[in-house]
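Engineer: Would you mind keeping the following structure in view while I ask a few things?
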Amino acid sequence: MAERRAEVTWKGDLMSGSGTIDRVGSGALAPLDVTWAARAEDESGGRTSPEELIAAAHASCFAMALSNVLAKAGTPPEELRTSATVTFVPGTGITKSALSVEGRVPGLDEDGFRAAAEDAKVSCPVSQALAAVPELTLEARLVSD
Amino acid sequence: MPRITREAEVSWEGSSARGRGAITAASSGAFAGLPYSEPSRIAASAPETSPEELVAAAHAGCYAMSLAAELTRDRTPPERLEVRAVVVLDEVEGEGHRIVESRLRVRARVPGSDDDAFQEAVRRADAGCPLSALIGAAAAISVDATLEVT
């Protein structure tokens, strides 16, 4: 069992106030500022947001899960590049997370790669935690040397 | 309805136990190239970030904003909220690793509020926080909130 923690300090009301992700257990994330404007407007102004952090969690979880699926099938990846694009509707929440992956996987064809990617998308812990998101989509593509 | 998108990118090399990845906030640039790996993800504690740590940061930030909004609706905007989220990854029989819990702890300084009104705002914030609702559909969410006497 692994517990992971983060601490946030917020001051003021939602619209004019501001917060900081002060500390995370690993110490790997510097203090990160968050505001409602940075979260809910098209331009982030260089500030992260809960939805960008969820995108980071999803993309990283998916990459690791896919690496596992491929290794178990006897075709471990050389390299995977994944991304997650999370769509947020203020007042409603996260309506979509779109995963995409480009992989360099010796000995595997496009169909096999897509099947592995679909398996990883369904099974990874963050996808499971996001199971109530209306749309979880996937694009997967092999790249060759 | 405004729809806001945020993106993150990961590059990963190698496989599973010996594999390593790097995580980048592609929309904001607020963090880039954060290393992570399987052994550090499942260890009791680690100097590397992990998907669960990122979820904890997201949940704490989201809940803080929801609670600030609820307290403002009550005409008692907060002077200061300290929100800690602890996300738990555990092995579930037949399913592998799952996020099973996110525990929130709140310490609040809210001039003009009292325990009853504050706890009611805490409940509304939990019900209204999009990430609590989302994660709560698959995992256990709890909130332990204390109003500091000002």
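Values in this text are rule-based calculations from the coordinates and carry no lab data. This one's a predicted model, so the numbers in the text were calculated from it and none came from an experiment. No Cβ is skipped: glycine too gets one built from the backbone with ideal geometry, and neighbour counts run over all protein chains shown.
Engineer: Could you check the range B:64-150 for strands (runs of 3 or more DSSP E) lying wholly inside it with 3 or more residues that are under 24 Å from A:GLN128 (Cα atoms), aliphatic (A, V, I, L, M) and in contact with a Lys or Arg (Cβ under 7 Å, 6 or more places away or on another chain)?
Structural biologist: Correct list: B:80-92.
Engineer: When you go through B:PRO35, B:PRO39 one by one, which is the residue that is in a strand (DSSP E or B) and more than 7 Å from chain A (Cβ to nearest Cβ)?
Structural biologist: Of B:PRO35, B:PRO39, the one residue that is in a strand (DSSP E or B) and more than 7 Å from chain A (Cβ to nearest Cβ) is B:PRO35.
Engineer: Still on this structure, I have one more. So how many residues does the range B:61-73 have that are more than 15 Å from B:LEU147 (Cα to Cα) and more than 7 Å from chain A (Cβ to nearest Cβ)?
Structural biologist: Residues flagged as more than 15 Å from B:LEU147 (Cα to Cα) and more than 7 Å from chain A (Cβ to nearest Cβ) within the range B:61-73 amount to 3.
Engineer: Tally time: how many residues in the range A:23-60 are over 13 Å from B:ALA25 (Cα atoms) and not hydrophobic (A, V, I, L, M, F, W, C)?
Structural biologist: Qualifying residue count for the region: 11.
Engineer: Follow-up. Considering only residues that are within 7 Å of another protein chain (Cβ to nearest Cβ) and part of a loop (DSSP other than H, G, I, E, B), look in the range A:93-134 and name the one that is farthest from A:ALA37 (Cα to Cα).
Structural biologist: Among residues in the range A:93-134 that are within 7 Å of another protein chain (Cβ to nearest Cβ) and part of a loop (DSSP other than H, G, I, E, B), the one farthest from A:ALA37 (Cα to Cα) is A:ALA131.
Engineer: Give the range B:75-123 a look and list any residue that's more than 11 Å from every other protein chain (Cβ to nearest Cβ) and surrounded by fewer than 18 Cβ atoms within 10 Å (Cβ to Cβ), or say none.
Structural biologist: B:GLU93, B:GLY94, B:PRO111, B:GLY112, B:ASP114, B:ASP115, B:ASP116, B:ALA117, B:GLN119, B:GLU120, B:ARG123, listed by residue number.
Engineer: Something else: Quick check, is A:THR87 over 23 Å from B:ALA85 (Cβ atoms), of a type outside the set (Lys, Arg), assigned to a strand (DSSP E or B) and facing chain B (nearest Cβ under 9 Å)?
Structural biologist: Considered against the rule, which asks whether it is over 23 Å from B:ALA85 (Cβ atoms), of a type outside the set (Lys, Arg), assigned to a strand (DSSP E or B) and facing chain B (nearest Cβ under 9 Å), A:THR87 comes out as no.
Engineer: What number of residues within the range B:89-110 satisfy the criterion of being in contact (Cβ under 8 Å) with a residue 24 or more places away in the chain, within 20 Å of B:ALA44 (Cα to Cα) and aliphatic (A, V, I, L, M)?
Structural biologist: Total meeting the criteria: 4.
Engineer: Then there's this: What are the residues in the range A:1-59 that are of a type in the set (Ser, Thr, Tyr), touching a Leu at 6+ places or on another chain (Cβ under 8 Å) and farther than 20 Å from B:ARG6 by Cα, if any?
Structural biologist: Residue satisfying the conditions is A:THR9 alone.
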